[in-house]
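*Asks:* One structure, pasted below without further comment.
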């Protein structure tokens, strides 16, 4: 620890070293968090552009936009749809919160100097970027057209290249496993002596639960890839029924990973929600233990419900009933969290700063996403709704509207800590409200269109769905505009914003007890007595 | 970085590791031999049993779980039970289809 603890340090993690190599070889968890933020931002922008093209195509019932380059009708749409899915799922929303904010905040929040394996942390970033480059490289090969799920037998028979994007997912999976392993080990081994398990911030709890899911579930997708290769290269029968394999087995193995992946996305988001609601209600979080345990419960139960994606795939009836039954259990710990957040706000001293506004939008959007998940989990209803636009609306409400909006909330919450600057709150509010309007305008009509029978993944459709699609496409423009405003505001603030104090929101967790931006080793001096994560002083913070 | 190395470490002798290695070789020999005997529906069961014993030896002795803190054993069991549940649930489809 530095001896100049009394004065605020001028040297921080950001300016301690300079030059591109200082970033490319860094093992500082905060710098890696920033590197993830930039690289995620690039991939996110790419995938949003793909989505923009898709929605533009769906503006009219005919295929009239994605026809350039002599592409067959709908073929280009399929390829863009697949890339949008792969990049958004594997390169943005799954790694998102843990990679950026987990890396930046977790060690500080538990009073550590870094993660337990700093070099592996850097390796993890390289795996992520390499996987991302493979995904982008697949465009040069024409791009896959299977959808992000790569279902066999189509993926093994399509003329388009599938192996490169699958390999991309495989490499990114390594990044995910290494990050999860690092976080679990860090929480076990590097927690400050005075921070017991139940003194930990809930964001740390959620990262811990997520870490376990990453470690246990992610290898499964790697195994799946190897099985596909073994069948393709050595002719070992696994999925191809002509040689004794079973295509439904692919779906089982795929969803054994990919359903828990949904919880890899949403659990850290829930952790961020707990932090933000407590800070901006200035109240001890309601039901701390229940929220902590519900993270573990969601991680555990969420691993057991994968086959609810396969109700129409030809599974045995017994299995369909069992998985439908299990699916409803996930709603219990999810609801525990929502009720505890609402109870935390009750009689709190609520300040509607941008992170809090974004978080309250999350609660509404997540509730809609969660409830429609119950519709889809009900076996009988799912037979009607399977593979319709209803499903598209549902998972965008959960993934983008919930995990995505909390990514934005986390950016606004920790921005002063990461950059040492303040952003324009009015612009952030306007961007947030526009996002909320644009988001619901984009996806809510798809619930109705899907219920009425609009299938997903189609480039053309019957004229009776035109109104819903037009409404949705216009909504997407509002949403894209709001995001440009939001990011523009933050980028401007990072360059020219006012200087932030160390604790602009009056937060109680440890990251708010160090300078903004933090020094290289996180603290000049740790508080003698580690405060409770949700013990707020009585004075009002301006 | 942490106090991890301050803990007492169990050190096994080379001879001990060689014995475990010989046991693994013997079990591999068993797997191969048994594959030539037609035991009907017990064939798979036997192969899995031998493989489980081998994996157990590797985890307990080569990976030191036997001599480490119980928490590591607990973590390992959590993952094993999770995988067991994966298999059982998958067979709720395959057993009845």
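*Asks:* In deg cm²/dmol, rounded to 500, what helix-only [θ] at 222 nm does chain B give when every DSSP H run of at least 4 residues adds -39500 (n - 2.57) and the total is split over its residues? Walk me through the intermediate numbers first.
*Replies:* Working: 3 runs with 62 residues, N = 97.
Calculated from helices alone, the mean residue ellipticity at 222 nm is -22000 deg cm²/dmol.
*Asks:* Express in whole angstrom the spacing between the alpha-carbon centres of the range A:400-419 and the range A:261-339.
*Replies:* 21
*Asks:* Suppose R0 equals 25 Å; then what is the FRET efficiency for residue B:49 and residue B:78 from their Cβ-Cβ distance, rounded to the nearest 0.05? Please report the intermediate quantities before stating the final value.
*Replies:* Details: r = 23 Å, r/R0 = 0.90.
The computed FRET efficiency comes out at 0.65.
*Asks:* Would you please state which residues of the range A:426-448 a label at residue A:352 would reach in this model, taking the label point 7 Å out along Cα→Cβ and a backbone N cut-off of under 16 Å?
*Replies:* A:426-437
*Asks:* Work out the mean other chain Cβ neighbour count within 10 Å for the residues of B:73-85 and drop it here as an integer.
*Replies:* 2
*Asks:* Mind sorting A:31, B:97 by how few other Cβ atoms lie within 10 Å of their own Cβ, fewest first?
*Replies:* Values: A:31 21, B:97 14.
Ascending number of Cβ neighbours within 10 Å: B:97, A:31.
*Asks:* Can I ask one more? How do A:498, B:41 rank when sorted from fewest to most other Cβ atoms within 10 Å of their own Cβ? Walk me through the numbers on the way to the answer.
*Replies:* Values: A:498 10, B:41 6.
Sorted ascending by nearby Cβ count, the order is B:41, A:498.
*Asks:* Going by alpha carbons, how many degrees (0 to 90, nearest 10) lie between the helix axis of A:75-86 and the longest principal axis of chain A?
*Replies:* That helix lies at roughly 30 degrees to the long axis.
*Asks:* Under a plain spin-label model, where a point goes 7 Å from the Cα along Cα-to-Cβ, how far apart in nm are residue A:229 and residue A:289?
*Replies:* According to this spin-label approximation, the distance is 4.8 nm.
*Asks:* For the range A:427-538, what is the relative contact order in percent, using Cα pairs closer than 8 Å and at least 6 residues apart in sequence? Let's see the in-between values first.
*Replies:* Numbers: 97 pairs, mean separation 30.3, N = 112.
Relative contact order here is 27 percent.
*Asks:* I'd like the distance between the alpha-carbon centres of the range B:48-97 and the range A:178-234, rounded to an integer number of Å.
*Replies:* Taking the Cα centre of each part, the range B:48-97 and the range A:178-234 sit 17 Å apart.
*Asks:* Oh, and also: Out of B:73, B:15, B:56, any idea which swings most in a Gaussian network model of chain B, alpha carbons joined below 10 Å?
*Replies:* Comparing B:73, B:15, B:56 in the GNM, the peak value goes to B:15.
*Asks:* What distance in nm separates the two pseudo spin-label positions at residue A:494 and residue B:67, each 7 Å out from Cα along the beta-carbon direction?
*Replies:* 4.9
*Asks:* Separate question: Which of the peptides A:249-261, B:22-34 is most tightly packed, and how do the rest follow, going by the mean number of other Cβ atoms within 10 Å of each residue? Write down the numbers at each step before the final one.
*Replies:* Values: A:249-261: 22.3, B:22-34: 12.8.
Order by mean packing, descending: A:249-261, B:22-34.
*Asks:* On to the next question. Most exposed first by the Cβ proxy, i.e. fewest other Cβ within 10 Å, how do A:417, A:193 rank? Please list the in-between numbers first.
*Replies:* Details: A:417 24, A:193 8.
Placing the least packed residue first, the sequence is A:193, A:417.
*Asks:* Separate question: Per residue and in Å³, how big is the convex hull formed by the alpha-carbon atoms of chain A?
*Replies:* Values: hull volume 80.4 nm³, N = 542.
In chain A, the Cα hull volume divided by residue count equals 148 Å³.
*Asks:* Let me ask something else. How far is helix A:389-398 tilted off the main Cα axis of chain A, in degrees rounded to 10, range 0 to 90?
*Replies:* Computed tilt is about 10 degrees.
*Asks:* May I pose another question? Would you calculate a helix-derived [θ] at 222 nm for chain A, using -39,500 (n - 2.57) for each DSSP H run of n ≥ 4 and dividing by the full residue count, to the nearest 500?
*Replies:* On the way: 17 runs with 333 residues, N = 542.
So the helix-based figure for chain A works out to -21000 deg cm²/dmol.
*Asks:* What number, in percent, do you get for the relative contact order of the range A:83-224 if the mean sequence gap of Cα pairs under 8 Å and at least 6 apart is divided by its residue count?
*Replies:* 33
*Asks:* Report, in degrees rounded to the nearest 10, the 0 to 90 angle that the Cα long axis of helix A:288-302 makes with the longest principal axis of chain A.
*Replies:* 20
FYI, it's all coordinate maths here, none of it is from the lab. This is a predicted model, so every value here is computed, not measured. Counting neighbours? That spans all protein chains shown, and the Cβs are built from the backbone with ideal geometry, glycine included.
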